[in-house]
Amino acid sequence: MAAVPYRAPPLHQAPAPLAVVSPLFCAPYAVPLTVTKKAISRSGRDFIVTDANGAEMLRVNGAIFSVHDRRVLLDAAGQPLLSMREKPRKLRSFN
């Protein structure tokens, strides 16, 4: 039997990007973003994401009272993009 030579994939080919929310939020280059926690917040879980020029790109609003610690990601216009919730923690059983 003849040995089959190993051919590594070319290094210049990157995998195609996968848009989780929308292709509108994808860029072909790195975009520096800053995440800051809002100083005045009802829930204490609100964040703002800004670009290098200080323009608001995204906002995260946390629920005031929530069993699963629910948060909503909003675009710059205030339209909801997706909601997130914390995964319930499993209790450990000590046998």
Condition (residue is modelled with pLDDT under 80 and surrounded by fewer than 10 Cβ atoms within 10 Å (Cβ to Cβ)) applied to segment 72-83: is it met by at least one residue? no
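For every residue, the table says whether it meets (1) loosely packed, with under 10 Cβ neighbours inside 10 Å; (2) at pLDDT below 80.
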site: 12; (1), (2): yes, yes
site: 15; (1), (2): yes, yes
site: 40; (1), (2): yes, yes
site: 43; (1), (2): no, yes
site: 48; (1), (2): no, no
site: 59; (1), (2): no, no
site: 63; (1), (2): no, yes
site: 87; (1), (2): yes, yes
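The values are calculated or read from the model by the stated rules, or taken from the named source; none is laboratory data. In this text, all values refer to a predicted model and were calculated from it rather than measured experimentally. Cβ atoms come from the backbone with ideal geometry, glycine included; neighbour counts cover every protein chain shown.
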